[in-house]
Amino acid sequence: MSDPTSARDGVSVQVRGLRKYFHGQAVLQGVDLDVSPGEIFVIMGPSGSGKTVLLKHIIGLEIPDAGAISIDGQSIDGPGFMAKYRLAMVFQSGALLNSLTVGENVGLYLSEHRIKPEKEIARIVAEKLELVGLKGLEMRLPSELSGGMKKRVAIARALAIEPQLILYDEPTSELDPLMAVTIAEEILKLKQRIHVTSIVVSHDRDLAFGVADRIAIIHEGKILAVGSPEEIKANPEPIIQQFLTVEFKKEKFIL
Ligand SMILES: Nc1ncnc2c1ncn2[C@@H]1O[C@H](COP(=O)(O)OP(=O)(O)O)[C@@H](O)[C@H]1O
Ligand SMILES: [Mg+2]
């Protein structure tokens, strides 16, 4: 078997006319997006606007009611698709397995698929934990960690497969400001080092405007605008300005 973790090139993502209903309620109402290889693409929008549902479709965890998603031009529901690409998602909750240690969680994919010798897996696990500021915590259990630490373990687990596409769902929520900066730096570093494509869903304005090549604003299941951080800031659409202003105010309030 070839070693899929040796892949180093980010993939492109195409979303076309994506619609999703839950209990007859439209959650995604025709979403179109194009993400370029190696790009950091941030999706911002209010709570309940469909951000997590959109990410789940991109990684194949939800099936569209209409529309299609392709990666490098290939439909994600095609045969053998998931074996071909390395996709990772950092869930908002972390989604760690509580009965496994931190080290086992981070190395899970590599050991399950017997891709590398155990010693090499241990080295990768140690390296990824160090990257997210959790050096030497391999033997801890998730129940012994804070919310922010769990989130960082989830990021380390995603990094362990050297993904070509990494989806982050609110990666800085529950983190203190300093760790939020570390995560932002990590997202940027990965882009440079392994040319990974990153899609980041976040409310965190500092993160969004700090790391994004482009930003999409989603509102009630529709994309209102896509552009560079400067273009989004200058967009006169009242809903966008209101959303950004509310975020600014919230931040001032917290500080
Ligand atoms: N599995 C599901 N079943 C029913 N409703 C869902 C499901 N997942 C999400 N929703 C609903 O879809 C809407 C968008 O959810 P979500 O994508 O999680 O929003 P957010 O932008 O905050 O991430 C919400 O109203 C949510 O309640
Ligand atoms: Mg969400």
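The values are calculated or read from the model by the stated rules, or taken from the named source; none is laboratory data. Computed from a prediction, not measured in an experiment: that's the story for all the values here. FYI the Cβ positions are ideal-geometry reconstructions off the backbone, even for glycines, and counts take in every protein chain you see. We work out accessible area using only protein heavy atoms, side chains counted, and drop any ligands, DNA or RNA first. Shrake-Rupley method; radii C 1.70, N 1.55, O 1.52, S 1.80 Å.
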**Report entry** Scan of the range 153-212 for residues that are more than 23 Å from S49 (Cβ to Cβ) and among the polar types (S, T, N, Q), ordered by number
**Finding:** Q164, T182, Q192
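Can you confirm whether S146 is hydroxyl-bearing (S, T, Y), under 28 Å from A208 (Cβ atoms) and open to solvent by 30 Å² or more (accessible area, probe 1.4 Å)?
Numbers: hydroxyl-bearing (S, T, Y): yes; under 28 Å from A208 (Cβ atoms): yes; open to solvent by 30 Å² or more (accessible area, probe 1.4 Å): yes.
The answer is yes for S146.
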Query raised in the report: Taking the range 32-49 only, how many residues are away from ligand 1 (no atom under 11 Å from the Cβ), open to solvent by less than 60 Å² (accessible area, probe 1.4 Å) and farther than 13 Å from L167 by Cα?
Result: 2
Requested in this report: Looking at (1) away from ligand 1 (no atom under 16 Å from the Cβ); (2) more than 20 Å from the chain's Cα centre (by Cα), find the lone condition where L96 falls short.
Outcome: (2)
Report task. Could you check, for the range 219-237, whether at least one of its residues is over 23 Å from I58 (Cβ atoms) and among the basic types (K, R)? Result -> yes
Report task. Output the residue which, of all residues in the range 151-185 that are more than 16 Å from ligand 2 (Cβ to nearest atom), assigned to a helix (DSSP H, G or I) and closer than 25 Å to K116 by Cβ, is most open to solvent (accessible area, probe 1.4 Å). Result -> R157
**Report entry** Neighbours by Cβ (under 7 Å, 6+ apart or cross-chain): first from the range 203-229, closer than 21 Å to L188 by Cβ and open to solvent by 50 Å² or more (accessible area, probe 1.4 Å); second part of a strand (DSSP E or B) and among the basic types (K, R)
**Finding:** V226/R214
